[in-house]
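Structure record follows, encoded as structure tokens.
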Amino acid sequence: MRREEILRLLRIQEIDQEIERLERHLRKVREERERRERELAGVCEEETSLERKEAELTGKLRSLREKLSEEEDLLEKTERRMLAVRKDHEYRALLREKAKHEDTILKLFYDIEDLERKISEFREEAERRYPLLKRKAEELREEIEELIDEESTVINRLKNTKEDREKLIESIDEASLRFYNEAKGRFGTTIIAKIEEGVCTGCGMKIPDVLFSKLVRENSIERCPSCGRYIYYRL
Ligand SMILES: [Zn+2]
């Protein structure tokens, strides 16, 4: 293959390597963004569950207080009826009823007290937790924004790089391009390999000294005896 053709293929190779790098980077950025989005959803869920829990506790408290007030009304009614009854057995029945209401009221008092303590403990914990969650959510939102920006930058660069590739391909003859595409299947992204410290960067094997001297002396393009890639020292 002519030297100019190989140089064009080398340019394509560089572009392909850049495309690969950008695609890898894009995947990483997307994964990072998705990870943070999941984390943010978790933070929001914890906030919601705290709110739900608070509503549940205060709802319970309200219903206990309502029950208490109903029970107090009933007690009052019983006491009024006690003043009006004449018969002994009726009076005793009302006394029992009164005692039952008083028991219930006492129990409700304890339940309310218990629940009020629970609510105040819960609020203390929630007060401590809310600002942490808020800060975490803000941090995550900012990070997500940045990652979205980065994502669109990479997408743009990828688009431009692919356009560059399209343009470059037009200047390459069909046979060279066919060679390049076939070699890609065999060699991966490095088809034309630089020689570094006497070693082919495509396969990692040391090339013979004679060949190395020739590459250095003539700036030529040769084939690696180990892997068959085109190799160069300096172009
Ligand atoms: Zn090699």
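The values are calculated or read from the model by the stated rules, or taken from the named source; none is laboratory data. None of the values given here were measured: they were computed from a predicted structure. All Cβ positions, glycine included, derive from the backbone under ideal geometry; neighbour counts span all protein chains shown.
Under the condition of being free of Cβ contacts under 8 Å to residues at least 40 places away in the same chain and surrounded by 17 or more Cβ atoms within 10 Å (Cβ to Cβ), the residues counted in the stretch 217-235 number 4. Comparison of Ile155, Ile172 shows that the only residue that is more than 42 Å from the chain's Cα centre (by Cα) and touching a residue at least 40 places away in the same chain (Cβ under 8 Å) is Ile172. Among the conditions (1) assigned by TED's automatic domain parsing to the domain that holds Lys60; (2) modelled with pLDDT of 95 or more; (3) not polar (S, T, N, Q), the only one that Ile195 does not satisfy is (1).
Arg30 falls short on exactly one of the conditions (1) within 14 Å of the chain's Cα centre (by Cα); (2) over 30 Å from Tyr130 (Cβ atoms); (3) buried (at least 16 other Cβ atoms within 10 Å of the Cβ), and that condition is (3).
Selection of the stretch 187-216 for residues being without any contact (Cβ under 8 Å) to a residue 24 or more places away in the chain and either more than 15 Å from the ligand (Cβ to nearest atom) or in a helix (DSSP H, G or I) (or both) yields Asp209, Val210, Leu211, Phe212, Ser213, Lys214, Leu215, Val216.
Name the residue, out of Glu18, Glu34, that is under 17 Å from Thr190 (Cα atoms) and modelled with pLDDT of 95 or more. Criteria check complete, one pass: Glu18.
Is it true that Lys118 is in contact (Cβ under 8 Å) with a residue 60 or more places away in the chain, among the basic types (Lys, Arg) and in a helix (DSSP H, G or I)? Taking the combined requirement at face value, the residue satisfies it.
Candidates are the residues of the stretch 222-235 that are near the ligand (Cβ under 9 Å from one of its atoms) and in a strand (DSSP E or B); the one that is farthest from Ile6 (Cα to Cα) is Arg223.
Here Asn219 clears all of (1) more than 13 Å from the ligand (Cβ to nearest atom); (2) at negative phi; (3) modelled with pLDDT under 95 except the condition numbered (2).
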